[in-house]
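Just so you know, all these numbers are worked out from the coordinates, no wet-lab data involved. Fair warning: this is a prediction, and the values are worked out from it, not measured in the lab. All Cβ positions, even for glycine, are placed from backbone atoms using ideal geometry, and neighbour counts span all protein chains on display.
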């Protein structure tokens, strides 16, 4: 869910790589205003890709079916725009569905199966140097897809049940959740993958258990949020320095959040279940709390299920899964937490990702 | 079965029906002949009741109890497809755990899930299935038979103490589509006039790999995978009759199955390797003794052991698989006593004590509650008859205490719940009765609700269902073309509060269980049965059932689902069965239908699950040899128009399929 941010970071990353330096300050890219939004809803049984026209306020709930006369499949967990293509991570259908970003026309479905034919359950995707990196739950791996051939070129072993990923410099950071290890308990490590060799080179132990998300700021600090163990250990946030690949600090009990999104060095912490408020806003450079509650006008989000920031306008889109069975909603707030507009993603259920189409 | 009087029907193969002229009180029934059946008179029951006996069941293209109960009004079967697929019943839109299933007089129980998979109960040795709304109409019953919103009563044995021959046996073999094979055997031996033993066994297997229309556009036909089943049943029964008023029954039951769990169809990647193994064992005994014509006692006892093994060999944990091994034990004892003050007024008291224990022997044993539940049910019931009015009522006191070895235990339960039923025949000359009942009943939280790892919630309260019912019944016997016409119609209102629902808290992992549901259910159940006069040697009969259900979710006023129809609940559903007999041939035509429903979610097009109808035909040829052997050949053609339909979204049902069978009785 951090990938729209990383998408904007991409030119920087490429530049960084070209310079061969790790400490280059980000260059401000000029973005045009978004024309529309792609909204991915996991669904109860059917994943929906909807399109919201920001000019007219019209929402097409099942845009994928309209464009392809077919269904996406089950449990779309993540969506990434890379180049001219859209990559939808279909968790239960266990594939990456590649679409033309302009019109959502299906280009290819890339199956994610283990050697024995079992589902790999892909979770999240991130793009880098014409490759898409996809974390997969079943075989604890990151799969590399070549964006030209749209085929799998490599599988990198990482820690158990990898979730979110972030890229700083030439390194891929992968949150190893171990979230399926109910018996032995969850994991609390971050795998570091060298993106040149595509091999795991380090595993950083963090305080946060069952890490879900990892996001980087402009100075190379990585914020990792995780569920805890659903028992005695609460959700929490750890901060890693990419310069040393060590834990810089633990944010402690004031930050019981399983999810984080960073945009322009501002971190939005949230939970996708009844937790501490809708979202906490934190400045990752000054390490100061911006607002303890992002929503400032009393708007109620029943079940925050995704938080995405339009980097150009600073608008924050919070998805509401309501009761997880009826249609979800997307509420757009300005950067100060005041509601601008809201729309139902019907027939989409459990909306998790919003992508900005410019 | 002491409510009013019963007709006795003698069925012979090929469905020729004779009505016995004289009505008998069932209590003093003379021993009936081998082919005879006790048949419930649906008109005479104070509480709504529907029955299918062996003869009727044989004509319904059914192999399990779940298949057969689809023909009852008010019953929705959640059928996940295939022979091995889960099949649970919902009666009048109350959840599956609100229906008690009695097997030869004693409840089958599953304290872990609260529901019985009726797909696992074969019809091979079932003599009759009776569905009672509220509870059975007899009052000399264990207290537990009062403790559900409805009771499905299964009977496997009929009294056969004065059999003409010492030994009887039946061998049968059925086979059909999708690798289905089902041999069965039954032997009964009468050691004396007072003692018999019987053994019934069967084996069922199927690869279950049936074709269905693929869900992906242009993908043609796909096949259900991992849908195989292999099940074995062995049942021993013994009956000992010291005299006419002193009867003992003993039963041992064993069931063993291994099946694939195909799961729901997943678009583009329909892989499943999950397995489920069950071992069910129980032994039960009952002793019924009359001390005098006025005073009777019924003692029952049971021990049950259920083992349940679930395996997901693809589970993404460190072990590379997920295994659940659950063990359930039940110890049950019931004493019931009835006293008849007169032929018009009787009174009964029953007290049941049972202990349920759930343990597991897998990797999750460390933090598991391993609950032990003690339940004590006390019930008083009374029945009175004044001229053309019949009254029946009971008060049930439920006490429950759980003990756990880890974590918190559930709250204790001490609850008193009543039932009141009434029937009235306005005119003695007119065979029409009106009836009404009220029942308030609780459904206790199951072990899964309370203690399931990460999910269970020990703060749960019981769920309550208040049922109101009013109906009419009409039965006309005549010498005209329609010899018997039976008509029943009941309108009901059920109000459910504190409904126990599983609520997802997070994607994939985190669910929790809360008392947050409420439902407002209004409906109509109607049944028509017609038996026609023999015409050119052809005997015709038909039965028709219709249900209307408006079952609204009133859990949360702020929810988009408020006042929408409960998931998977059609407004209209029904069945029609037409049977014709000519000499040795019997032909049946059966229809099941359901209007559209919605899957979980809002009532929008996207969640629509389409209406469906299936049409089945069965053809049987029966004949007897000189040596008193009877043979029957059977051909069942199911879903003859090859319709693709689903009862549960993404669980496609089989299209056209067939079964053929032969049986020999000697």
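Here are some notes:
- For residues of A:120-127, the mean tally of beta carbons on other chains within 10 Å: 1
- Listed from fewest to most Cβ neighbours within 10 Å, the set B:404, A:168, B:252 follows the order B:252, B:404, A:168.
- Take each residue of peptide B:376-388, count the partner chain Cβ atoms within 10 Å of its Cβ, and average: the result is 0.
- Inter-part distance where segment B:569-605 and segment A:218-265 are each reduced to a Cα centre, Å: 57 Å
- Taking 7 Å steps out from each Cα toward its Cβ at residue B:310 and residue B:662 produces label points 4.3 nm apart.
- Cβ-Cβ FRET estimate between residue B:386 and residue A:342, R0 fixed at 51 Å, reported to 0.05: 0.20
- Result for chain A in a Gaussian network model with C-alpha springs under 10 Å: among A:174, A:281, A:233, the largest mean-square fluctuation is at A:233.
- Centre separation in Å (Cα based) which lies between segment B:292-368 and segment B:434-498: 22 Å
- Among A:86, A:342, A:40, residue whose mean-square fluctuation peaks in a GNM of chain A (springs only between Cα atoms under 10 Å): A:342
- Comparing A:31, A:54, A:172 in a Gaussian network model of chain A where C-alpha atoms under 10 Å apart are linked, the largest mean-square fluctuation is found at A:31.
- Other protein chain C-beta atoms within 10 Å of residue C-beta, averaged over B:595-607: 4.
- Segment residue A:84..residue A:105, full-extension length gain: 6.4 nm, with 0.36 nm per residue of separation and the alpha-carbon distance subtracted.
- Between the beta carbons of residue B:395 and residue B:495, assuming R0 = 22 Å, the FRET efficiency works out to 0.65 to the nearest 0.05.
- Summary of the geometry: segment B:71-135 and segment B:380-399, compared by the centres of their Cα atoms, lie 26 Å apart.
- Stretching the chain fully between residue A:250 and residue A:302 yields a gain of 15.9 nm (0.36 nm per residue, less the alpha carbon separation).
- Estimated FRET transfer efficiency when R0 is 45 angstrom, pair residue A:153-residue A:265 (beta carbons, to 0.05): 0.85
- Each of residue B:244 and residue A:199 was given a label point 7 Å from its Cα along the Cα-to-Cβ line. The distance between the two points is 9.3 nm.
- Residue-averaged [θ]222 nm for the protein assembly as shown, counting only DSSP H segments that reach four residues, each worth -39500 (n - 2.57): -1000 deg cm²/dmol
- Going by neighbour counts of Cβ atoms within 10 Å, the residues B:534, A:163 line up, fewest first, as B:534, A:163.
- Put in order of Cβ neighbour count within 10 Å, fewest first, the listed residues B:612, B:203 become B:203, B:612.
- Extended-chain gain in nm, criterion 0.36 nm per residue less alpha-carbon gap, residue B:628 and residue B:596: 6.5 nm
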